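Enquirer: Submitted below is the structure of interest, expressed as structure tokens.
A short reminder: the numbers here are calculations on the coordinates, not readings from a lab. Bear in mind that the values here come from a model prediction, so they are computed numbers and not experimental data. All Cβ positions, glycine included, derive from the backbone under ideal geometry; neighbour counts span all protein chains shown.
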Amino acid sequence: MNGSGPLLEVQGLHVWFDLAGGRELHAVQGIDFDLGPGERMGLVGESGCGKTTAILAIMGLLPPSASAAGHVLLNGMDMYEAGEDSVRPHRWRDIAMVFQGAMNAFNPVRRIVDQIVEPMELHEIAEGRAARVRAGDLLELVGISARQASRYPHEFSGGMRQRAAIAMALACGPKVLLADEPTTALDVMIQAQVLELLTGLTRELGLSLILVTHDLPIVAQTCDRAAVMYAGKIVESGPTEDLFHTPRHPYTRLLFSATPDLYGRGEVISIPGTPPRLDREVLGCAFAPRCDMAFEPCPSVVPRTLPVAPGHGARCHLNDPAMRSAS
Amino acid sequence: MPLERPGDALRVVITAPLLLEVQDLVTRYPVPRGIVGALARRPKEVAHAVEGVSFTVGAGEMLALVGESGCGKTTTAQTVMRLVDPVSGTVRFRGEDITHLRHRELRPLRRRMQLIYQDPYDSLDPRFRVRQTVEEPLLVHHLGSSHERSERVTRALERAGLAPADLFLDRFPHELSGGQRQRVAIATALVLEPELLVADEPVSMLDVSVRAEILTLLDSLRRSGLGILMITHDLSTAARFADRIAVMYLGRIVEEGPAQAVVQDPRHPYTRALITVVPKRDPRDRTTPEILKGEAPNPVHVPTGCRFHPRCPEVASGRARERGMEERCRGEDPMLRELAAGHEAACHLA
């Protein structure tokens, strides 16, 4: 990026959920990625692929039934070295999150301004009058008049609440913003407003963004890089343009052709079958049963991530000359 | 490029009354004043959900009603289905005026027009097996012997793409994927062999990978001769699957035309703005979105003149003034005008 190395590094992140009867669900199965300062990365996948779980794990906000392993490095320092104690100072201060469904992100009986001030006071960023002024500034930054700061959440529309949720995430001046489906419940025009706001924040404040979504076109339009998740693993990642124009994993290609485009080019085809259950071990490539190009090793040998172009990797045997010649 | 559909040639031949004709439909909802408002004798207010909407749906045709939440597209569908009563206007089904039919008279009609809901997780009874869910409408309408019913259930399931039906008949909704559930919901509508389907956001709750299969299914039903009115906020879906698109804004259709014409050559500034903000699938197609400020106004207080003028980029940029039209935009409510074959827009500047 700019020679100073990545801001956020995620290495070998795993998350398991405890299920009844002593079983486990392996929701995130070893994901790795880097995020540079000011970079916008899209994390794409269908529901249940582990994308939300992965970012909750990065925030250290997993429910008690979950356990995680792996490393999350912020400026080269392991945030999880000493568990919750070492992550607490960073949460909201260095790394913040905008949750899915802005409707539920606020306490309905407290004024918006008080809810934005709360994390500032907790992290000793600002207090009292200064904190309220800062909350007003943040609201102005996201396009809400500071005069509306003392309103209650129900007095805001869906789009305004999502903006206010972004203002709240920015309260402690984080460097990384994780946004989980920030526009799912919003209309296209409001969606465009929110995406423009997020893009503007990365440009003006140098904020790094991870945008979690199931919507490929949103990533195509807003992110520099994208990572596609399937069954708990990143199956392909790379610069947005490479990934969308020369996908090297069949899942990426199929997901792309399942998405209708405004100008109606090409056939829209859905992907047959459903993702595998993650409460039992998946043999071979998890996508093999739905893949239109699966060959001999796919059902039995787990594919590794192989580089296919600069900054572009895919987890597919098709990219492995050794596998292809052997079969 | 306009899509070629096998149904195109067929449609010209049909001269029977149109399946659905809606004319000048107006539906309003009273806004609750609350006890304080009533005691203070505040004026009774109404939400102008649908304010003079006209359109037609032919057999073998799919019309997409597109717009943001609150634009009146769902109310339009509900009024057409006679779930909500209109204030004025007419709804004709196969040439018959059904606007004022009473409940009892409506029943035989309800079989011929069926609704598909948005959320297949909500619309199926979790305690009912697929067989019971799909059979239910037949029981409600007292149709067929037990043997006939079971045959019709099988046929409907297979028509909805759940083949062989035996595989699904005894399953519960929780044993089905999202796409399969929506297919069961569609089978439940098809079992009565309707002529018109009204699909309210049929894929918005489904995963991307299965949306296409449901849309393709609706497309094949359209080809088989059903008329489909699809309510959606997704212009990309409408552009790809509908024959015609009607764009709604604050209770009015502001533009209507052949799907490709509306998307390739939008005539209303609202449609143009909507098209620029739809995220394109191709990262190389990054366009600067023309983002409208604020949100659609409250349908209780509809702006005077053109209802879109307070947010209209043509008015805001002064282009309307340059053309000497600003007064009209502020003062005169534009009507739909035909600008090209079958392509209409309600804009003074178009």
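Enquirer: Over all residues in A:182-191, what is the mean tally of Cβ atoms on other chains that come within 10 Å of each residue's Cβ?
Expert: Details: counts 0, 1, 1, 1, 3, 10, 15, 16, 8, 6.
Mean shielding count: 6.
Enquirer: What translational diffusion coefficient, to the nearest whole µm²/s, does the stretch A:110-254 have by Stokes-Einstein, given a Kirkwood radius computed over alpha-carbon pairs, a temperature of 37 °C and 0.692 mPa s viscosity?
Expert: The diffusion coefficient I find is 198 µm²/s.
Enquirer: Quickly work out the A:GLU204-to-A:ASN104 label distance, labels modelled 7 Å from Cα along the C-beta direction, and quote it in nm with one decimal.
Expert: Label-label distance for A:ASN104 and A:GLU204, simple model: 3.1 nm.
Enquirer: Sticking with this one: Under unit Cβ charges (Lys, Arg +1; Asp, Glu -1), what dipole magnitude, rounded to 20 debye, does the stretch B:34-157 have relative to its Cα centre?
Expert: About 380 debye.
Enquirer: Using amide H atoms built 1.01 Å from N in the peptide plane, name the residues 5+ places from A:VAL98, or on other chains, whose amide H lies under 5 Å from its own.
Expert: Amide H to amide H, under 5 Å and 5 or more residues apart or across chains, A:VAL98 pairs with A:LEU178, A:ALA179, A:ASP180.
Enquirer: Let me ask something else. Measure off 7 Å from each Cα along the Cα-to-Cβ vector at B:ALA40 and B:ARG171, then give the distance between these two points in nanometres to one decimal.
Expert: Result: 5.5 nm between the two label points.
Enquirer: If we count GluC sites (Glu not before Pro) as exposed when they sit in a DSSP loop and have at most 14 other beta carbons within 10 Å, what is the longest stretch of chain A that avoids them all? Display every interim value, and only then the final one.
Expert: Values: sites that count: A:GLU81, A:GLU124, A:GLU127, A:GLU267, A:GLU281.
Formally, the longest exposed-site-free interval is A:128-266.
Enquirer: When the helices in the protein assembly as shown are scored as -39500 (n - 2.57) per DSSP H run of 4 or longer and the sum is shared across all residues, what 222 nm value do you end up with, to the nearest 500 deg cm²/dmol?
Expert: On the way: 25 runs with 218 residues, N = 677.
So the helix-based figure for the protein assembly as shown works out to -9000 deg cm²/dmol.
Enquirer: Applying the Karplus parametrisation 6.51 cos²θ - 1.76 cosθ + 1.60 with θ = phi - 60° to the phi angles of the stretch B:224-231, what ³J(HN,Hα) value in whole Hz is obtained for each residue in order, glycine and proline being reported as x?
Expert: 7, x, 6, x, 10, 9, 10, 9
Enquirer: If you don't mind, there's one more thing I want to ask. Partner chain Cβ atoms within 10 Å, averaged over the residues of B:237-244 - can you pull that number for me? Walk me through the numbers on the way to the answer.
Expert: Values: counts 4, 2, 5, 10, 3, 0, 0, 0.
Counting other chains' Cβ atoms within 10 Å and averaging over B:237-244 gives 3.
Enquirer: Specify which residue in the list A:THR199, A:PRO247, B:VAL57 is farthest towards the positive end of the charge dipole of the protein assembly as shown, using unit charges on the beta carbon of Lys, Arg (+1) and Asp, Glu (-1), about the Cα centre.
Expert: The one lying farthest along the dipole's positive direction is B:VAL57.
Enquirer: Let me ask something else about it. In Å, what Kirkwood hydrodynamic radius results for the stretch A:233-327 from the alpha-carbon pair distances?
Expert: Result for the stretch A:233-327 stands at 14.3 Å.
Enquirer: Ignoring the sites themselves, what is the longest stretch of chain A with no trypsin sites (Lys or Arg not before Pro) in a DSSP loop and at most 13 other beta-carbon atoms within 10 Å?
Expert: Formally, the longest exposed-site-free interval is A:111-264.
Enquirer: Related question: Please report, in debye to the nearest 20, how large the charge dipole of the stretch A:83-187 is about its Cα centre when each Lys and Arg carries +1 at its beta carbon and each Asp and Glu carries -1 there.
Expert: Dipole of the stretch A:83-187, to the nearest 20 debye: 300 debye.
Enquirer: Rounded to the nearest 5, what is the percent of antiparallel bridges among the DSSP beta bridges in the protein assembly as shown? Walk me through the numbers before you get to the answer.
Expert: Values: 57 of 94 bridges.
Antiparallel bridges make up about 60 percent of those DSSP assigns within the protein assembly as shown.
Enquirer: Right, another one. Quick one: putting +1 on the C-beta of Lys and Arg, -1 on the C-beta of Asp and Glu, what dipole do you get for chain B around its Cα centre, in Debye to the nearest 20?
Expert: Magnitude of the dipole: close to 600 debye.
Enquirer: On to the next question. Would you please give the FRET efficiency between B:GLU193 and A:LEU122, computed as 1/(1 + (r/R0)^6) with r the Cβ-Cβ distance and R0 = 45 Å, to the nearest 0.05?
Expert: Calculated value: 0.15.
Enquirer: Give me the distance between the Cα centres of the stretch A:52-116 and the stretch B:62-81, rounded to whole Å.
Expert: Taking the Cα centre of each part, the stretch A:52-116 and the stretch B:62-81 sit 40 Å apart.
Enquirer: Restrict the search to the stretch B:22-130; then list the trypsin sites (Lys or Arg not before Pro) that DSSP places in a loop and that have at most 10 other Cβ atoms within 10 Å of their Cβ.
Expert: Here the sparse-neighbourhood loop sites are B:ARG41, B:ARG102, B:ARG127.
Enquirer: Which stretch or stretches of the stretch B:55-90 have amide N atoms under 18 Å from the point lying 7 Å from B:ASP24's Cα along the Cα→Cβ direction?
Expert: B:55-56, B:80, B:86-90, by backbone N distance to the label point.
Enquirer: List every residue whose amide H lies under 5 Å from the amide H of A:TYR230, counting only residues 5 or more places away in sequence or on a different chain, with H placed 1.01 Å from N in the peptide plane.
Expert: A:VAL235
Enquirer: Please figure out what share of the DSSP beta bridges in the stretch A:136-269 is antiparallel and state it in percent, rounded to the nearest 5.
Expert: DSSP beta bridges in the stretch A:136-269 are roughly 55 percent antiparallel.
Enquirer: Looking only at other chains, what is the average number of their beta-carbon atoms within 10 angstrom of each beta-carbon in A:271-282?
Expert: Numbers: counts 6, 4, 3, 8, 3, 0, 0, 0, 0, 0, 0, 0.
Taking the mean over all residues of the peptide, I get 2.
Enquirer: Among A:PRO119, A:SER300, B:LEU206, which residue has its Cα positioned farthest towards the positive end of the charge dipole of the protein assembly as shown, with +1 placed on the Cβ of Lys and Arg, -1 on the Cβ of Asp and Glu, and the dipole taken about the Cα centre?
Expert: B:LEU206
Enquirer: Mind checking which lysines have their C-alpha under 28 Å from A:LYS51, skipping anything on the same chain fewer than 8 residues away?
Expert: Within the straight-line limit of under 28 Å, A:LYS51 reaches these lysines: A:LYS175, A:LYS233, B:LYS280.
Enquirer: Please list, ordered by chain and number, the residues whose modelled amide H lies under 5 Å from the amide H of A:GLU24; skip anything fewer than 5 residues away on the same chain.
Expert: Here A:LEU19 satisfy the definition.
Enquirer: Follow-up. When the Karplus curve 6.51 cos²θ - 1.76 cosθ + 1.60 is applied with θ = phi - 60°, which whole-Hz ³J(HN,Hα) does each residue of the stretch A:268-285 get, with x for Gly and Pro?
Expert: 3J(HN,Hα) across the stretch A:268-285, in whole Hz: 9, 10, 8, 8, x, x, 10, x, x, 6, 9, 8, 9, 5, 9, 8, x, 7.
Enquirer: Which ³J(HN,Hα) values, rounded to whole Hz and listed in residue order, are derived for the stretch B:200-211 from phi using the Karplus coefficients 6.51, -1.76 and 1.60 in 6.51 cos²θ - 1.76 cosθ + 1.60 with θ = phi - 60°, glycine and proline given as x?
Expert: 8, 6, x, 10, 5, 8, 9, 5, 3, 5, 10, 4
Enquirer: Looking at the stretch B:212-350 from every direction and averaging, what is the projected area of its Cα convex hull in nm²?
Expert: For the Cα atoms of the stretch B:212-350, the hull's average projected area reads 9.9 nm².
Enquirer: Once the protein assembly as shown is represented by equal point scatterers at the alpha-carbon sites, with solvent omitted, what log10 I(q)/I(0) does the Debye formula produce at q = 0.06, 0.08, 0.10, 0.11 Å⁻¹?
Expert: -0.38, -0.69, -1.08, -1.28
Enquirer: Relative contact order of the stretch B:180-273, please, whole-number percent, based on alpha carbon pairs below 8 angstrom and at least 6 residues apart.
Expert: Across the stretch B:180-273, relative contact order equals 21 percent.
Enquirer: Would you mind calculating the relative contact order of chain A from Cα pairs under 8 angstrom and at least 6 residues apart, reporting the percent as a whole number?
Expert: The normalised contact order for chain A reaches 19 percent.
Enquirer: B:VAL140 versus B:ASN298, label points 7 Å from Cα toward the beta carbon: distance in nm?
Expert: 3.5 nm
Enquirer: Over all directions, the average projected area of the alpha-carbon convex hull for chain A comes to how many nm²?
Expert: Averaging across all directions leaves 18.4 nm² for the Cα convex hull.
Enquirer: Using alpha-carbon pairs under 8 Å, 6+ residues apart, how would you state the relative contact order of chain B in percent? Don't jump to the answer; show the numbers that get you there.
Expert: On the way: 627 pairs, mean separation 69.3, N = 350.
This gives 20 percent for chain B.
Enquirer: On to the next question. Expected output is a single nm value to one decimal: the length gained when fully extending between B:ARG284 and B:ARG94, i.e. 0.36 nm times separation in residues minus the C-alpha distance. What is it? All intermediate terms of the calculation are to be shown ahead of the outcome.
Expert: Details: separation 190, 0.36 × 190 = 68.40 nm, distance 4.63 nm.
Going from the current span to full extension adds 63.8 nm.
Enquirer: Report, largest value first, the span of the C-alpha coordinates of chain B along each principal axis, in whole Å.
Expert: 70, 59, 42
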